[in-house]
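The values are calculated or read from the model by the stated rules, or taken from the named source; none is laboratory data. Given the structure is predicted, the values throughout are model-derived calculations rather than measurements. Cβ atoms come from the backbone with ideal geometry, glycine included; neighbour counts cover every protein chain shown. Just so you know, the surface numbers come from the protein's heavy atoms only, side chains and all, with ligands and any DNA or RNA stripped out. Shrake-Rupley method; radii C 1.70, N 1.55, O 1.52, S 1.80 Å.
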Amino acid sequence: MLQLVGLGLADETDVTVKGLELIKKAKTVYLEAYTSILLVDSTKLEAYYGRPVVLADRELVESGSDEILADAKDSDVVFLVVGDPFGATTHSDLVLRARELSIPIQTVHNASVMSAIGATGLQLYNFGQAVSMVFFTESWKPSSFYDRLKENHTIGLHTLMLLDIKVKEQSMENLARGRKIYEPPRYMTVAQCASQMLEIEETRGDGICAASKLAVGVARLGATNQRFLAGTLEQLSESDLGAPLHSLILIGRRTHYLERDYLKEFAVDDLFERIWNEDYEDKK
């Protein structure tokens, strides 16, 4: 059987009791290590679970999944996923391949950023479609995210932005030369995301990512040292929320006054409340 086990958001202790029981009984335990990361090293997982953990990078999951599924034909294989197993489309693809091979599948769900983001005080049913933000380069600055933000903005909904991580990535030169040399890991910050949004606003010009738009920066969601910071995009572009992982929420206009009251505690200054009261529609 192929068993997909969600790990939650922060550390080794976030695994569910059901998930831990499956891990301890499985023949092989893989840890998906490229769509997201836990806030602790994999060695801590191994110590807590009492089992060796095989790191599954993008190449193994997308190109070498036959190796994972081959073992699952005759024994129990656990595939660990940070957050919830279906938080990324890659894992749905793995399930489809298992079905084609008539391999039974079991899923153990856990908290993900999509649900835990409610800890900011923004109500989950006021969110629209989530958006991914990738690292810009000098020659590549994709702006398709702006269209999704605009769609959410049109109906007044918040947008959760999931920020890029680069783990086990090769430079273009090393990739072209076939050299297995990898760049140091990189994790996008709230400040980088806000800066890129402001940069694209200069060319798109519809006001969706204007400097005065309100947003919430989120760092290390689910951890004991999680941090929220509410302010304008301009303020967040100059912020420092510390270590990864980060995400950002662009606040929609159809808001509830309880959302405002909850977020005031995390505001950079009183400009947050002034803009909210002037430009955002409270539902009483």
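Values computed for the structure shown
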{"quantity": "Residue count for segment 235-266, restricted to those that are within 26 Å of ARG148 (Cβ to Cβ) and open to solvent by less than 50 Å² (accessible area, probe 1.4 Å)", "calculated": "20"}
{"quantity": "Tally of residues being in a loop (DSSP other than H, G, I, E, B) and among the hydroxyl-bearing types (Ser, Thr, Tyr) across segment 218-273", "calculated": "3"}
{"quantity": "Segment 38-56 - residue that is small (Gly, Ala, Ser) and in contact with a helix residue (DSSP H, G or I) (Cβ under 9 Å, 6 or more places away or on another chain) and, of those, surrounded by the most Cβ atoms within 10 Å (Cβ to Cβ)", "calculated": "ALA56"}
{"quantity": "Those residues of segment 57-75 which are more than 22 Å from ALA130 (Cβ to Cβ) and open to solvent by 60 Å² or more (accessible area, probe 1.4 Å), in sequence order", "calculated": "GLU59, SER63, ASP66, GLU67, LYS73, ASP74"}
{"quantity": "Residues of segment 120-146 classified as in a loop (DSSP other than H, G, I, E, B) and either open to solvent by 40 Å² or more (accessible area, probe 1.4 Å) or small (Gly, Ala, Ser) (or both), total", "calculated": "11"}
{"quantity": "Pairs with Cβ under 8 Å, 6+ apart, first in segment 144-155 and among the β-branched types (Val, Ile, Thr), second assigned to a helix (DSSP H, G or I) and open to solvent by less than 80 Å² (accessible area, probe 1.4 Å)", "calculated": "none"}
{"quantity": "Count - residues of segment 99-119 that are surrounded by 17 or more Cβ atoms within 10 Å (Cβ to Cβ) and touching a helix residue (DSSP H, G or I) at 6+ places or on another chain (Cβ under 6 Å)", "calculated": "2"}
{"quantity": "Total residues in segment 98-114, condition without any contact (Cβ under 8 Å) to a residue 24 or more places away in the chain and in a helix (DSSP H, G or I)", "calculated": "2"}
{"quantity": "The one condition in (1) more than 14 Å from THR189 (Cβ to Cβ); (2) open to solvent by 20 Å² or more (accessible area, probe 1.4 Å); (3) outside any loop (DSSP other than H, G, I, E, B) that TRP276 fails to fulfil", "calculated": "(2)"}
{"quantity": "Residues of segment 164-190 classified as open to solvent by less than 20 Å² (accessible area, probe 1.4 Å) and at pLDDT 95 or above, total", "calculated": "2"}
{"quantity": "So LEU2, is it over 25 Å from ALA243 (Cα atoms), open to solvent by less than 10 Å² (accessible area, probe 1.4 Å), in contact with a strand residue (DSSP E or B) (Cβ under 6 Å, 6 or more places away or on another chain) and of a type outside the set (D, E, K, R)", "calculated": "yes"}
{"quantity": "Complete set of residues in segment 79-94 that are assigned to a helix (DSSP H, G or I) and open to solvent by 10 Å² or more (accessible area, probe 1.4 Å)", "calculated": "THR89, THR90, SER92, ASP93"}
